[in-house]
Amino acid sequence: MTVPFLDLKAQYEQIEKDIRREIDEVLKTTGFVLGPKVEAFENSMAELCGTKHCVAVNSGTAAVHSILWASDMPPGSGVIVPPNTFTATVEPVILAGHVPVFVDVEEEYYTLSPEKVRDYLESSGSPGNVVDPKSGATVRAILSVDLYGQPANNHALEEIADEYGLILLEDACQAHGAELSGRRAGSFGQAAAFSFYPGKNLGAFGEGGAVTTDSDQMAEKVRMIRDHGSREKYYYERIGHNYRMAAFQGAVLGVKIKHIKSWNYRRAEAAARYDQLLRDLPVKTPSVREGALHVFHLYTVHIPERDGLREYLSERGIASGLHYPIPLHLQKAYRHLGYEEGDFPVTEYNSVSNITLPIFPEITPEQQQEVADGIRGYFG
Ligand SMILES: Cc1ncc(COP(=O)(O)O)c(C=O)c1O
């Protein structure tokens, strides 16, 4: 039996009728950009996140860029980011004219470590005046990442941000519907970014993204940024971009968001099944933070040397992924920031030890057994 990493066809079969009806309505109106389907989706997404606003954009990268841009920090500000994330967390920091400042992640959850952030801040200045020793940039923000489907320790990061007068932003691109102590991913800090890349827990039929926030001002700025800095046709108040969501994506996401809670529930069930199947094998299964609802966008396990296992599984038709194989501080694109191997040991350990197993709401117990048997076979 082969096991795919993700099976979007199985999902489409459940919702095909509704999707076709919604897409047909868009076709008939010929309104292909933003419009009522996107607005309806924004309302549902704000409700899911428990935020006052949701502003839909056309990718998660655009969403991260928009929240950084709308923060209106002076050019060249330092933004604390984890090196253990997808490049699209950090790339927009540079696109927005700022300086990424890497701080390592927690050993247990692989998300930005509040202790290490505090150590960094204490050794680089005092509240209201933190200067990054490497770049000379004044640190003004923390961009936390809710990784693999669970929130970072955003409560602790929020406290630190308040104490040091920093802006907290949240990259929730992997955590649709996740929670921490009753608060939804997307509701921490000043604003959050989501991606609706097709493989996400909530995926569009193409690219898509959104910003969630409780701030009227932030929402208004992001609405302007997504439409060339304009609030009113022919008037350009600031520099923006074309980050508008396509109407088709709003229509698709409006159908899919109705299923997100049950899909997330099934992912969590599948994760619990893997935990059981793998319990006597030498792999470290994912840890769930106390008080967190983990929505298992990814089920990432760790073994000291994962390449052999990945190859063994692949030969048996079992797909797997790597999140992430090369830490961002060691990528060519970020070399100019001056970091070196050894700077972030937890991220570096993760890069050689992580392997992500297939997980999606429709995965069957038989498919999961096949994956577990494959891992058992590898260990002999
Ligand atoms: C943590 C993180 N940030 C940002 C992004 C960027 O999203 P997109 O691919 O929709 O631009 C992603 C998506 O893969 C992500 O996982």
(Q) Students often forget the sequence filter, so: which aspartates and glutamates lie under 15 Å Cα-Cα from LYS332 once same-chain residues fewer than 8 apart are removed? (A) GLU91, GLU340, GLU341
(Q) Not counting ligands, DNA or RNA, and with a 1.4 Å probe, what is HIS302's accessible surface area in Å² rounded to the nearest 10? (A) 10 Å²
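For segment 8-258, what mean projected area does the convex hull of the alpha carbons give, in nm²? Walk me through the intermediate numbers first.
Details: hull surface 53.8 nm².
Orientation-averaged projected area of the Cα hull: 13.4 nm².
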**Q.** Pairwise Cα inverse-distance average, inverted: Kirkwood Rh of segment 259-379 (Å)
**A.** 15.6 Å
Q: Read phi for every residue in segment 313-322 and hand back ³J(HN,Hα) as whole Hz from Karplus 6.51 cos²θ - 1.76 cosθ + 1.60, θ = phi - 60°, with x for Gly and Pro.
A: 5, 4, 4, 9, x, 9, 7, 8, x, 10
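Counting other Cβ atoms within 10 Å of each Cβ, which trypsin sites (Lys or Arg not before Pro) in segment 259-307 have at most 13 and sit in a DSSP loop? Don't skip to the end; give the middle numbers.
Numbers: sites: LYS261, ARG266, ARG267, ARG273, ARG279, LYS284, ARG289, ARG306; in loops: ARG279, ARG289, ARG306.
Qualifying residues, ordered by number: ARG279.
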Q | Placed amide H near LEU293: partners under 5 Å, 5+ positions off or other chain | A | GLU179, LEU180, SER181
Q: With the full set of protein chains in place, find how many percent of the accessible area of the chain is carbon and sulfur; take the probe as 1.4 Å.
A: 51 percent
Q: For the chain, build the charge dipole from Cβ charges (+1 Lys, Arg; -1 Asp, Glu) around the Cα centre, then report which of VAL352, VAL81, VAL371 sits farthest towards its positive end.
A: VAL371
Q | From phi via Karplus (6.51, -1.76, 1.60), per-residue ³J(HN,Hα) for segment 59-67 in Hz, x at Gly/Pro | A | 5, x, 4, 4, 5, 5, 4, 5, 6
(Q) Let's test the formula: R0 of 22 Å, r as the Cβ-Cβ distance of TYR12 and SER262. What FRET efficiency results, to the nearest 0.05? (A) 0.90
Q: Please give the calculated 222 nm ellipticity per residue for the chain, where each DSSP H segment of at least 4 residues contributes -39500 (n - 2.57) and the sum is spread over every residue; nearest 500 deg cm²/dmol?
A: -12500 deg cm²/dmol
Q | Average accessible surface area per residue within the chain, 1.4 Å rolling probe, Å² | A | 42 Å²
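Using +1 on the beta carbon of Lys and Arg, -1 on that of Asp and Glu, and nothing else charged, what's the dipole of the chain about the Cα centre, debye to 20?
Working: 36 positive and 51 negative charges, 225 e Å.
The calculation lands at about 1080 debye.
The values are calculated or read from the model by the stated rules, or taken from the named source; none is laboratory data. Please read all numbers here as calculations on a predicted model, not as lab measurements. When we count neighbours, we look across all protein chains shown, and the Cβ atoms used for this are built from the backbone with ideal geometry, even at glycine. Just so you know, the surface numbers come from the protein's heavy atoms only, side chains and all, with ligands and any DNA or RNA stripped out. Shrake-Rupley method; radii C 1.70, N 1.55, O 1.52, S 1.80 Å.
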